[in-house]
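The values are calculated or read from the model by the stated rules, or taken from the named source; none is laboratory data. Keep in mind it's a predicted model, so treat the numbers as computed, not measured. No Cβ is skipped: glycine too gets one built from the backbone with ideal geometry, and neighbour counts run over all protein chains shown.
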Amino acid sequence: MTPERLEAKRDLLISVLDTLIPADEEFPESGALALDHVLAIAGASAEAGSLLARALEAIEEAAAGGEARGFAGSSVTQREELLRRVERSHPAAFEALVRHTYDGFYSHPATIARLGLEPGPVQPRGHRIEPAALPDLARVAARGPIFRRA
Amino acid sequence: MFHPYAMARGVFERPLGGHRGPIGCSIISQEFYETDLSRGFVRGYSFQVARGLSPIASANGGSVGDRVPWGREHRRAYGERFDRTITVAIIGEDLPEPDNRVDLDPALTDGHGIPAPRVSYRLSENSRRMLDHGIARAREVLHAAGAREVAANPLLRAGGWHLMGTARMGRDPATSVVDAEGRCHDVPNLYIVDGSVMVTSAGVNPTSTIQAVALHVADGMIRRRS
């Protein structure tokens, strides 16, 4: 399966990503946020594209061997069980799938904003650090140098 | 020699804001830098306290590599980690070992048939004990600071590759390659000015030391020309 085939399996890929990082009250599923990154990585790197395609192929095969509803039509529990089987049978490909999904999800500006951070370059804006009292270093200073004299 | 690196990371109950600020070393401690034979090894290490993990590194586990689980547990597990970590790195002082060296690869060559360099490195028993000591102290520090869990990576494969040694500096041609001003004992007018002249790796990043040695060697060159 080539990266182009990966693109052709977009619906399956979205279902897989949504299972890896499901939505909660504050965050959407990863299919909406990580998909573009995963596809971009598959297109930019032949090695990554091959691993991702292999992972999706294994998921598709495993789903075809199960109930007729396929991956997207299965329950969350069934989808997670299927993915755990693929994680065991294709560890390198599945590891790449999870890593690139996490990279895509947690670098997306929408995720960054929901985490309470400001998307985009830090500089020249910088960080706002609240002033804090310095620890009492008198005891350390009183001990004097502990390093070896040259 | 290189810099064997180990890392311990504590997870705390409350947000720390540690993902803000520079990525480098925020606090350094050389409490265990000098030799104390009661610890079971010679020389020592620096502690480097780094800032917290970025959003992506929090998910993928950073240098410890313990990725947040995927699936329905993901959001809860991620929320318990992001913005709640402090990392303590242990950077050890490596010693020269006969088995650790750079030689020519017997099989690998470049496009012109010239043999490629081959780097051989195995962590010595002394360095292993040093890192283990550092991990144990880092655990104590992190727990004392309130960490509810501490995970450790006993040796970072991707970190610490500051190559040093193999052309050590010294007065005696029998035990060193260059003299105190970087001149080869055996080859007239040949200078070596890089990390290879270091006698041990020291327990800190080497750039400042290499720069200082380079300036010292340059001063000697200028003095001899005049």
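Laid out as a table, the results:
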| read-out | value |
| --- | --- |
| Subset tally (residues that are without any contact (Cβ under 8 Å) to a residue 12 or more places away in the chain, under 30 Å from A:Arg84 (Cα atoms) and in a loop (DSSP other than H, G, I, E, B)) for the range B:62-109 | 6 |
| The range B:32-80: number of residues that are within 19 Å of B:Ser201 (Cα to Cα) and touching a strand residue (DSSP E or B) at 6+ places or on another chain (Cβ under 7 Å) | 6 |
| Any hit, the range B:66-89, residues being within 15 Å of B:Leu131 (Cα to Cα), surrounded by fewer than 19 Cβ atoms within 10 Å (Cβ to Cβ) and either touching a His at 6+ places or on another chain (Cβ under 7 Å) or assigned by TED's automatic domain parsing to the domain that holds B:Asn126 (or both) | no |
| Residue within the range B:31-43 that is away from every other protein chain (no Cβ under 14 Å), surrounded by fewer than 21 Cβ atoms within 10 Å (Cβ to Cβ), assigned to a loop (DSSP other than H, G, I, E, B) and modelled with pLDDT under 95 present | no |
| Answer from A:Thr77, A:Thr111 - the residue that is at the interface with another protein chain (Cβ under 8 Å from one of its Cβ atoms), among the β-branched types (Val, Ile, Thr) and at negative phi | A:Thr111 |
| The one condition in (1) more than 15 Å from A:Glu7 (Cα to Cα); (2) in contact (Cβ under 8 Å) with a residue 24 or more places away in the chain; (3) among the aliphatic types (A, V, I, L, M) that A:Ala64 fails to fulfil | (2) |
| Qualifying residue in the range B:200-211 (condition: free of Cβ contacts under 8 Å to residues at least 24 places away in the same chain, touching an Asp or Glu at 6+ places or on another chain (Cβ under 8 Å) and not assigned by TED's automatic domain parsing to the domain that holds B:Gly10) | yes |
| Whichever residue in the range A:15-44 is within 15 Å of B:Trp70 (Cα to Cα), modelled with pLDDT of 90 or more and in a helix (DSSP H, G or I) and, among such residues, is nearest to the other protein chains (Cβ to nearest Cβ) | A:Leu20 |
| All positions within the range B:142-166 that are part of a helix (DSSP H, G or I) and without any contact (Cβ under 8 Å) to a residue 60 or more places away in the chain | B:Ala144 |
| Test: residue in the range A:45-58 that is under 13 Å from A:Leu17 (Cβ atoms) and within 10 Å of chain B (Cβ to nearest Cβ) | no |
| Close pairs from the range A:88-99: first surrounded by 14 or more Cβ atoms within 10 Å (Cβ to Cβ), partner among the basic types (Lys, Arg), Cβ under 8 Å, at least 6 apart | A:His90/A:Arg54; A:Ala93/A:Arg54; A:Val98/B:Arg67; A:Arg99/B:Arg67 |
| Subset of the range B:1-30 [charged (D, E, K, R) and either closer than 25 Å to B:Gly165 by Cα or modelled with pLDDT of 90 or more (or both)] | B:Arg9, B:Glu13, B:Arg14 |
| Residues (closer than 30 Å to B:Gln30 by Cα and either within 14 Å of another protein chain (Cβ to nearest Cβ) or of a type in the set (Asp, Glu) (or both)) located in the range B:62-84 | B:Gly62, B:Gly65, B:Asp66, B:Arg81, B:Phe82, B:Asp83, B:Arg84 |
| Some residue of the range B:111-126 being surrounded by 16 or more Cβ atoms within 10 Å (Cβ to Cβ), in contact (Cβ under 8 Å) with a residue 40 or more places away in the chain and either of a type in the set (A, V, I, L, M, F, W, C) or farther than 22 Å from B:Pro206 by Cβ (or both) | yes |
